[in-house]
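Q: Here's a structure for you.
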Amino acid sequence: MYHFIQKFHSGWAYLALLLLLLTVFVSLIGLSSKKEFTSKDRKIALFGLIATHIQLVVGLILYFISPLGSASFGQMKDAALRLTSLEHPLTNVIAIALITIGWSKHKKAQTSSAKFKSIAVFYGLGLLLILIRIPWKMWLNN
């Protein structure tokens, strides 16, 4: 079961990252071209939000069943263990919180420009945090 969840978490990450990149790209284009925020733009942002939340839930499950997760929490001198047991999960929780804030702020915004800006900024910050804390060596070797 552990290996299935690990593979799902790794595979789903590609979809989540792709949707986040698409969302940020569409928002930046919308913001710079001053176009109207449409239901298509909302759906792209919503799919990015949903994908990252699914990734978070699967990641939390993996964290508690993995030998590299909470079980290795006391071994902070080892950089690889620290990354998988503390830095990666904590940074990604913060990133997904930012993405969620961006979604909430866009819903309250009155103008298309404000909607695009909220999504571009918060989803972009979330994407950046996710990218800097992916355990690249482990991920690319899977």
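Q: With the structure loaded, tell me whether residue 126 is farther than 18 Å from residue 58 by Cα and not aromatic (Phe, Trp, Tyr) or whether it fails that test. Explain how you work it out, then say what you get.
A: On the way: farther than 18 Å from residue 58 by Cα: no; not aromatic (Phe, Trp, Tyr): yes.
Judged against the criteria, residue 126 is not a match.
Q: Out of all the residues in the stretch 37-52, which are surrounded by 14 or more Cβ atoms within 10 Å (Cβ to Cβ) and either free of Cβ contacts under 8 Å to residues at least 12 places away in the same chain or over 13 Å from the mean Cα position of the chain (by Cα) (or both)?
A: Result: 37, 41, 42, 44.
Q: Under the condition of being without any contact (Cβ under 8 Å) to a residue 12 or more places away in the chain and in a helix (DSSP H, G or I), which residue from the stretch 98-127 is surrounded by the fewest Cβ atoms within 10 Å (Cβ to Cβ)?
A: Selected residue: 108.
Q: Which one is modelled with the highest pLDDT among residues in the stretch 66-91 that are within 25 Å of residue 49 (Cα to Cα) and touching a helix residue (DSSP H, G or I) at 6+ places or on another chain (Cβ under 6 Å)?
A: Restricting to residues being within 25 Å of residue 49 (Cα to Cα) and touching a helix residue (DSSP H, G or I) at 6+ places or on another chain (Cβ under 6 Å), the top hit is 91.
Q: Cβ-Cβ distance below 9 Å, separation of 6 or more or different chains: which pairs start in the stretch 1-18 with a residue that is outside any helix (DSSP H, G or I) and end on one that is at pLDDT below 90?
A: 1/65
Q: Ok, one more. Note down all Cβ pairs under 8 Å where the first residue falls in the stretch 24-36 and is without any contact (Cβ under 8 Å) to a residue 24 or more places away in the chain and under 16 Å from residue 103 (Cα atoms), the second is among the acidic types (Asp, Glu) and surrounded by 14 or more Cβ atoms within 10 Å (Cβ to Cβ), and they're at least six residues apart or on different chains.
A: Cβ pairs passing all conditions: 26/41.
Q: Does residue 55 count as closer than 21 Å to residue 137 by Cα, buried (at least 17 other Cβ atoms within 10 Å of the Cβ) and in contact (Cβ under 8 Å) with a residue 60 or more places away in the chain?
A: It is false that residue 55 is closer than 21 Å to residue 137 by Cα, buried (at least 17 other Cβ atoms within 10 Å of the Cβ) and in contact (Cβ under 8 Å) with a residue 60 or more places away in the chain.
The values are calculated or read from the model by the stated rules, or taken from the named source; none is laboratory data. Source: prediction; values computed, not measured. Here the Cβ is made from the backbone with ideal geometry for all residues, glycine too, and neighbour counts use every protein chain on show.
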